[in-house]
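To keep things clear, I will list the structure first and then write my remarks on it.
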Amino acid sequence: MDAMDHRKRCFWANPQNELYIKYHDEEWGQPVYDDHRLFEMLILESFQAGLSWECVLNKREAFRKAFDGFDLEKVCGYDAEKMEALRQDAGIIRNRLKIKAAVNNARIFKKIIEEFGSFSAYLWGYTGGEVIVENDKASSPLSDAVSKDLKKRGMTFVGTTIIYAYLQAVGVIYSHDNECYLYKKKDIQKEELAKCPQGDPEELSGK
């Protein structure tokens, strides 16, 4: 779609929503290796289930405030009283099951960090640190595998479609439309692998 600057963007980037355009241009599809950001995006994607990403994005700042800046330790410590307070927060999506899942998933996220050293190492280990370049999909064998493992560990609201969207958001999968001005060819795989802070890709391929 064309925004005010007349650039061609991915079909889903609403040109009337400046917040959405900024997200598309500056965040979506950019490889993320920081656990704090990976945690935030996983929680936000889980709240998207059954809704649009634009709806979640519009509430992102309210989510950050409600979830203590997505401080993993604090979210892991949320009790029933805090979860009820979240249900009363009109600024976020007040779904009881999703709120409960966010706290549960935070605790499992922490366990994964303890096991792998970082959630980034766990996630990027599925591709050996490589960025997968593909579009026009809603799921894949990769998202199937990650979803299956997260569910096995006890996470909820992490079905393959949600996880595929998550992988796109954090740049494990690069999915800009061919007509989008940000579209890059498959050489992005080597470019991003060289930037990967975990080092030797063989060390990432433990999964």
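The values are calculated or read from the model by the stated rules, or taken from the named source; none is laboratory data. As the structure is a computational prediction, the values presented were derived from the model and not from experiment. Here the Cβ is made from the backbone with ideal geometry for all residues, glycine too, and neighbour counts use every protein chain on show. Please note that ligands, DNA and RNA were not included when accessible areas were found on the heavy atoms of the full protein model with its side chains. Shrake-Rupley method; radii C 1.70, N 1.55, O 1.52, S 1.80 Å.
Could you list, in sequence order, the residues of segment 114-130 that are under 21 Å from Gln168 (Cα atoms), open to solvent by 10 Å² or more (accessible area, probe 1.4 Å) and assigned to a helix (DSSP H, G or I)?
Of everything in segment 114-130, those that are under 21 Å from Gln168 (Cα atoms), open to solvent by 10 Å² or more (accessible area, probe 1.4 Å) and assigned to a helix (DSSP H, G or I) turn out to be Ala121, Tyr126, Thr127.
Can you confirm whether segment 150-167 contains a residue that is polar (S, T, N, Q), modelled with pLDDT of 95 or more, closer than 19 Å to Asp35 by Cβ and in contact with an Asp or Glu (Cβ under 7 Å, 6 or more places away or on another chain)? Give the steps one after another, and end with the answer.
Looking only at segment 150-167, we keep the residues that are polar (S, T, N, Q), and these are 156, 160-161.
Right, trim to modelled with pLDDT of 95 or more and you get 156, 160-161.
Now narrow it down to the ones that are closer than 19 Å to Asp35 by Cβ: none.
Looking for residues that are polar (S, T, N, Q), modelled with pLDDT of 95 or more, closer than 19 Å to Asp35 by Cβ and in contact with an Asp or Glu (Cβ under 7 Å, 6 or more places away or on another chain), one finds none in segment 150-167, hence no.
Looking at Ala102, Ala85, which one is among the small types (Gly, Ala, Ser) and under 17 Å from Arg37 (Cβ atoms)? Working first, answer last.
On the way: Ala85 fails: under 17 Å from Arg37 (Cβ atoms).
Within the list Ala102, Ala85, the selection yields Ala102.
Do any residues in segment 71-93 that are farther than 20 Å from Phe109 by Cα have Cβ atoms under 9 Å from those of residues that are polar (S, T, N, Q), where the two are at least six apart or on different chains, and which pairs are they?
That search, which allows pairs on different chains as well, returns Arg87/Asn95; Ile93/Gln48.
Restricting to segment 4-31, what's the tally of residues that are open to solvent by less than 10 Å² (accessible area, probe 1.4 Å) and in contact with a Gly (Cβ under 7 Å, 6 or more places away or on another chain)?
1
Can you pull out every residue in segment 140-168 that is within 15 Å of the chain's Cα centre (by Cα) and farther than 23 Å from Leu97 by Cα?
Matches in segment 140-168: Leu142, Gln168.
Among the listed residues Lys74, Lys65, Lys82, Lys59, identify the single one that is closer than 30 Å to His6 by Cβ and basic (Lys, Arg).
Values: Lys74 fails: closer than 30 Å to His6 by Cβ; Lys65 fails: closer than 30 Å to His6 by Cβ; Lys82 fails: closer than 30 Å to His6 by Cβ.
Unique residue meeting the criteria: Lys59.
Those residues that are part of a loop (DSSP other than H, G, I, E, B) and without any contact (Cβ under 8 Å) to a residue 60 or more places away in the chain, I need them from segment 157-184; list them, please. First the steps, then the outcome.
So in segment 157-184, the residues part of a loop (DSSP other than H, G, I, E, B) come out as 157-159, 170-172, 175-184.
Selection gives Asn178, Tyr183, Lys184.
With (1) in contact (Cβ under 8 Å) with a residue 24 or more places away in the chain; (2) more than 16 Å from the chain's Cα centre (by Cα); (3) part of a helix (DSSP H, G or I) as the list, and Lys98 as the residue in question, which single condition is left unmet?
Lys98 satisfies all of (1) in contact (Cβ under 8 Å) with a residue 24 or more places away in the chain; (2) more than 16 Å from the chain's Cα centre (by Cα); (3) part of a helix (DSSP H, G or I) except (2).
Can you find even one residue in segment 42-55 that is buried (at least 20 other Cβ atoms within 10 Å of the Cβ), at pLDDT below 95 and under 20 Å from Thr160 (Cα atoms)?
So in segment 42-55, the residues buried (at least 20 other Cβ atoms within 10 Å of the Cβ) come out as 42-48.
From what's left, at pLDDT below 95: 48.
Among the residues that remain, those that are also under 20 Å from Thr160 (Cα atoms) are: 48.
Within segment 42-55, one or more residues are buried (at least 20 other Cβ atoms within 10 Å of the Cβ), at pLDDT below 95 and under 20 Å from Thr160 (Cα atoms).
Based on this model, can you work out whether Asn105 counts as of a type outside the set (A, V, I, L, M), buried (at least 19 other Cβ atoms within 10 Å of the Cβ) and closer than 25 Å to Ala138 by Cα? If you could, list the steps in order and put the result at the bottom.
Values: of a type outside the set (A, V, I, L, M): yes; buried (at least 19 other Cβ atoms within 10 Å of the Cβ): yes; closer than 25 Å to Ala138 by Cα: yes.
It is true that Asn105 is of a type outside the set (A, V, I, L, M), buried (at least 19 other Cβ atoms within 10 Å of the Cβ) and closer than 25 Å to Ala138 by Cα.
If you check every pair at least six apart or on different chains, which have Cβ atoms under 7 Å apart with a residue in segment 8-25 that is closer than 12 Å to Asn58 by Cα first and a residue that is of a type in the set (S, T, N, Q) and open to solvent by less than 80 Å² (accessible area, probe 1.4 Å) second?
Tyr20/Asn14
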